[in-house]
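Here the structure is laid out as structure tokens; the discussion comes afterwards.
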Amino acid sequence: QVQLVESGGGLVQAGGSLRLSCAVSGRSFSNYYMGWFRQAPGKEREFVAAISWSGGSTYYADSVAGRFTISKANAKNTVYLQMNSLKPEDTAVYYCATGPTTWEIRSYKYDYWGQGTQVTVSS
């Protein structure tokens, strides 16, 4: 059974930083991309970042490029999202997901999801 558990969310002031973690069990990282998505109240879930199984390729939404960094620690089966220079518009529930074998921004291409972690950025 594949399980993804996010942690690291919280309340931070604009300009601050947070690091989200996603611990994966029941599946090896081999051959699968990992992604981070977010969903703000009243909005659709949107792609944030993705990383290849090797960690050699990363992809970002334009809205977070240059501020967020996705990485992974294969030995720990954990994916991270380092978020710097946070803005109030980054406020959302953040989800990690896995499933595709190629880079995907479409959420329905991901088979497994975590429960989400709340990130709130105050102005």
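The values are calculated or read from the model by the stated rules, or taken from the named source; none is laboratory data. Here the structure is a predicted model, which means the values were calculated and not measured. All Cβ positions, even for glycine, are placed from backbone atoms using ideal geometry, and neighbour counts span all protein chains on display. Note: accessible area is taken over every heavy atom of the protein model, side chains too, but ligands, DNA and RNA are not part of it. Shrake-Rupley method; radii C 1.70, N 1.55, O 1.52, S 1.80 Å.
Cβ-Cβ under 9 Å, sequence separation 6+ or interchain: first residue in region 103-120 and under 22 Å from residue 55 (Cβ atoms) and assigned to a strand (DSSP E or B), partner open to solvent by 30 Å² or more (accessible area, probe 1.4 Å) and among the polar types (S, T, N, Q). Which pairs?
Matching pairs, first to second residue: 112/3; 113/107; 117/7.
Quick one: in region 69-101, which of the residues that are without any contact (Cβ under 8 Å) to a residue 24 or more places away in the chain and under 14 Å from residue 20 (Cβ atoms) is most open to solvent (accessible area, probe 1.4 Å)?
Result: 69.
Could you check region 40-57 and list, in sequence order, the residues that are outside any loop (DSSP other than H, G, I, E, B) and open to solvent by less than 60 Å² (accessible area, probe 1.4 Å)? If you could, list the steps in order and put the result at the bottom.
Of all residues in region 40-57, those outside any loop (DSSP other than H, G, I, E, B) come to 46-51.
Correct list: 47, 48, 49, 50, 51.
Out of the residues in region 4-26 meeting the condition of being open to solvent by less than 40 Å² (accessible area, probe 1.4 Å) and in a loop (DSSP other than H, G, I, E, B), tell me which one is farthest from residue 110 (Cα to Cα).
16
Anything in region 27-37 that is open to solvent by 20 Å² or more (accessible area, probe 1.4 Å) and in contact (Cβ under 8 Å) with a residue 40 or more places away in the chain? List them, or say none.
The answer is 27, 28, 31, 32, 33.
Select from region 59-81 the residues that are farther than 23 Å from residue 31 by Cα and either assigned to a strand (DSSP E or B) or not acidic (Asp, Glu) (or both) and list them in ascending order.
63, 64, 65, 66, 67, 68
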